[in-house]
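Worksheet for the structure shown next.
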Amino acid sequence: MYYYSKRSRSKIVHQSTCQHIQNVSVEDVGSFENLEDAYAAGYRLCRHCSPIAKFYRKAVSYTHLRAHET
């Protein structure tokens, strides 16, 4: 399931574990069964939920730590 805020005009969907959707009141949350439905409705995946974004943040963090070791 993917969730979105009914009050937002940004058309962003979140996974249930995302901190951004957990701050929205229950009555203001809508849902999609899958990403294909969300994409068809014009929504995009949250940058914090995206596996690509998560990989990028880990890579940047690792690179930053390695730079300080030398």
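The values are calculated or read from the model by the stated rules, or taken from the named source; none is laboratory data. As the structure is a computational prediction, the values presented were derived from the model and not from experiment. Backbone-built Cβ (ideal geometry, glycine too); neighbour counts: all protein chains shown.
When segment 37-62 is filtered for residues that are part of a helix (DSSP H, G or I) and modelled with pLDDT under 90, the ones remaining, listed by number, are P51, I52, A53, K54, F55, Y56, R57, K58, A59, V60, S61, Y62. Any residue at all in segment 22-35 that is surrounded by 11 or more Cβ atoms within 10 Å (Cβ to Cβ), modelled with pLDDT under 80 and not in a strand (DSSP E or B)? Scanning segment 22-35, I find no residue that is surrounded by 11 or more Cβ atoms within 10 Å (Cβ to Cβ), modelled with pLDDT under 80 and not in a strand (DSSP E or B), so the answer is no.
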